[in-house]
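Scroll down for the structure; my scribbles are underneath it.
The values are calculated or read from the model by the stated rules, or taken from the named source; none is laboratory data. Keep in mind that this is a model prediction, so the values were computed, not measured. Don't worry about glycine lacking a Cβ; one is built from the backbone with ideal geometry, like all the others, and counts go over all protein chains shown.
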Amino acid sequence: VRPDFVVSPSWRDEFYRRLQTQSVTIDRAQYEKAGTEIDRLLSNTVARLAFGDSTAKRRGLAEDLQLTRAVEALRQSRTQQELFVFARQYNAPVASTPSR
């Protein structure tokens, strides 16, 4: 595989077949509903085994919401103080309206 590989449906089918041969019971319809997550896990595992942890992490950066927000905070802050202000504003509790 190349570092920019894409998980194909045949990989997901093969993984399901291997689960079945190991007596892992899972409904095929339920398995298919989890296709996106299974593809993500297969992608991460193949990338890690074939190219190492750094490539696996790079491939998954777009899906890492916490890291994306942290990088955004760093880009919007020119100083450490601005970063702390940004973090406090981001984590500030939302005012709730009293229920009646």
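Quick rundown of the values:
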quantity	calculated
Residue within the stretch 12-27 that is of a type outside the set (Val, Ile, Thr), under 30 Å from ARG88 (Cβ atoms), assigned to a helix (DSSP H, G or I) and without any contact (Cβ under 8 Å) to a residue 24 or more places away in the chain present	no
Any hit, the stretch 56-78, residues being assigned to a loop (DSSP other than H, G, I, E, B) and of a type in the set (Asp, Glu)	yes
Sole exception among (1) surrounded by 10 or more Cβ atoms within 10 Å (Cβ to Cβ); (2) over 14 Å from the mean Cα position of the chain (by Cα); (3) modelled with pLDDT under 95; (4) basic (Lys, Arg) for ARG69, by number	(2)
Only one of VAL85, VAL94 that is β-branched (Val, Ile, Thr) and modelled with pLDDT of 90 or more	VAL85
Selection status of GLU37, acidic (Asp, Glu), over 14 Å from the mean Cα position of the chain (by Cα) and either modelled with pLDDT of 95 or more or exposed (fewer than 11 other Cβ atoms within 10 Å of the Cβ) (or both)	no
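Each row is one residue, and each column tells you yes or no for (1) at pLDDT 95 or above; (2) touching a strand residue (DSSP E or B) at 6+ places or on another chain (Cβ under 7 Å); (3) surrounded by fewer than 10 Cβ atoms within 10 Å (Cβ to Cβ); (4) at positive phi.
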{"site": "SER10", "(1), (2), (3), (4)": "yes, no, yes, no"}
{"site": "SER23", "(1), (2), (3), (4)": "yes, no, yes, yes"}
{"site": "THR45", "(1), (2), (3), (4)": "yes, no, no, no"}
{"site": "LEU49", "(1), (2), (3), (4)": "yes, no, no, no"}
{"site": "GLY52", "(1), (2), (3), (4)": "yes, no, no, yes"}
{"site": "ARG59", "(1), (2), (3), (4)": "no, no, no, no"}
{"site": "ALA62", "(1), (2), (3), (4)": "no, no, yes, no"}
